[in-house]
């Protein structure tokens, strides 16, 4: 059997992906499909950490339209990520995958507080760790959370699972039929070209810590496993030149 390319991964899931075709809330069939993909990778012996967004429940632009203070809106978004994390945990454990949720905002009745060494120990013991609550600070996205946690736990790669997009393009392929997909980039090129892969803070943090990123289509069955095994799919963003 071919050895996996990556031993420890951070999988970044958007809230929108969890919503499925409905576009809002949590779609049961979609989350079950996601979990089956994660379980397949977990059974290969890969250490899996997940960072989940909250856009299926709350988005900052809604708060802006209401005239809400940015920090307040961001805290609401952090709480939305916790709801998604608990849903993922429940489905994972119902499928026999041991899971821990760690939150950056203390809520001990429902999840562990984020402690780096404890997270690493869970991973070593074969548990999937879901990082919820973003960084715990407003003005930072869950992309930045993924980059930060990947650096902290010394992950081999960040897997950026996209909804119906198979990589990084020079324009939005849904709007521009001439859009060209990149197979390989560096974080510096992503920043310089203004490509909408991660926010600039997350890209800078990934670049500074030499963490590669693979952007791929989550809706293609088996893609997480393909990436982990080293197949060249999607777009690979290298940590450095």
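Out of region 173-183, which residues are without any contact (Cβ under 8 Å) to a residue 24 or more places away in the chain and either at positive phi or touching a strand residue (DSSP E or B) at 6+ places or on another chain (Cβ under 7 Å) (or both)? Residues satisfying the conditions are 179, 180.
Report yes if residue 143 is in contact (Cβ under 8 Å) with a residue 12 or more places away in the chain, closer than 28 Å to residue 196 by Cβ and surrounded by fewer than 20 Cβ atoms within 10 Å (Cβ to Cβ), otherwise no. No, not satisfied.
You will find that of 134, 55, the residue that is within 20 Å of residue 163 (Cβ to Cβ), under 17 Å from the mean Cα position of the chain (by Cα) and at pLDDT below 95 is 55 and no other. Looking only at region 122-137, residues that are in contact (Cβ under 8 Å) with a residue 40 or more places away in the chain and either crowded, with 17+ Cβ neighbours inside 10 Å or in a strand (DSSP E or B) (or both) come to 8 in all.
Tally time: how many residues in region 207-227 are within 18 Å of residue 183 (Cβ to Cβ) and within 16 Å of the chain's Cα centre (by Cα)? It would help to see each step written out before you state the result.
The first filter runs over region 207-227 and keeps only residues within 18 Å of residue 183 (Cβ to Cβ), leaving 212-217, 220, 223, 226-227.
Pick out the ones that are also within 16 Å of the chain's Cα centre (by Cα) and you get 212-217, 223, 227.
Number satisfying all stated conditions: 8.
The residue that is modelled with the lowest pLDDT, counting only those in region 186-218 that are closer than 17 Å to residue 17 by Cβ and surrounded by fewer than 17 Cβ atoms within 10 Å (Cβ to Cβ), is 196. Of all the numbered requirements in (1) under 15 Å from the mean Cα position of the chain (by Cα); (2) modelled with pLDDT of 95 or more, residue 19 misses one, and that requirement is (2).
For residue 114, indicate whether it is within 21 Å of residue 150 (Cβ to Cβ) and free of Cβ contacts under 8 Å to residues at least 60 places away in the same chain.
Values: within 21 Å of residue 150 (Cβ to Cβ): yes; free of Cβ contacts under 8 Å to residues at least 60 places away in the same chain: yes.
Yes; evaluated as a whole, the condition is true for this residue.
Based on what the data block shows, is residue 173 more than 19 Å from the chain's Cα centre (by Cα) and either under 19 Å from residue 13 (Cα atoms) or outside any helix (DSSP H, G or I) (or both)? If you could, list the steps in order and put the result at the bottom.
Values: more than 19 Å from the chain's Cα centre (by Cα): yes; either under 19 Å from residue 13 (Cα atoms) or outside any helix (DSSP H, G or I) (or both): yes.
When the stated conditions are applied, residue 173 passes them.
Table: residues versus (1) under 14 Å from residue 87 (Cα atoms); (2) in contact (Cβ under 8 Å) with a residue 12 or more places away in the chain; (3) surrounded by 14 or more Cβ atoms within 10 Å (Cβ to Cβ); (4) out of contact with any strand residue (DSSP E or B) (no Cβ under 9 Å at 6 or more places or on another chain).
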| site | (1), (2), (3), (4) |
| --- | --- |
| 10 | no, yes, yes, no |
| 19 | yes, yes, yes, yes |
| 29 | yes, no, no, yes |
| 35 | yes, yes, yes, yes |
| 43 | no, no, no, yes |
| 47 | no, yes, yes, no |
| 52 | yes, yes, yes, no |
| 56 | yes, yes, yes, yes |
| 64 | no, no, no, yes |
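Consider residue 119 carefully, then state whether it is over 15 Å from the mean Cα position of the chain (by Cα), in contact (Cβ under 8 Å) with a residue 60 or more places away in the chain and not in a loop (DSSP other than H, G, I, E, B). When the stated conditions are applied, residue 119 passes them.
For region 151-183, filtered to residues that are more than 15 Å from residue 206 (Cβ to Cβ) and touching a helix residue (DSSP H, G or I) at 6+ places or on another chain (Cβ under 7 Å), the residue that is surrounded by the most Cβ atoms within 10 Å (Cβ to Cβ) is 161.
Taking strands (runs of 3 or more DSSP E) that fall entirely within region 1-109, which contain at least 3 residues that are touching a helix residue (DSSP H, G or I) at 6+ places or on another chain (Cβ under 8 Å) and under 23 Å from residue 221 (Cβ atoms)?
Values: elements: 8-13, 47-52, 99-103.
Here the list reads 8-13, 47-52.
The values are calculated or read from the model by the stated rules, or taken from the named source; none is laboratory data. These numbers come from a predicted model, not from an experiment. So basically every Cβ, Gly included, is an ideal-geometry build from the backbone, and we count neighbours across all protein chains shown.
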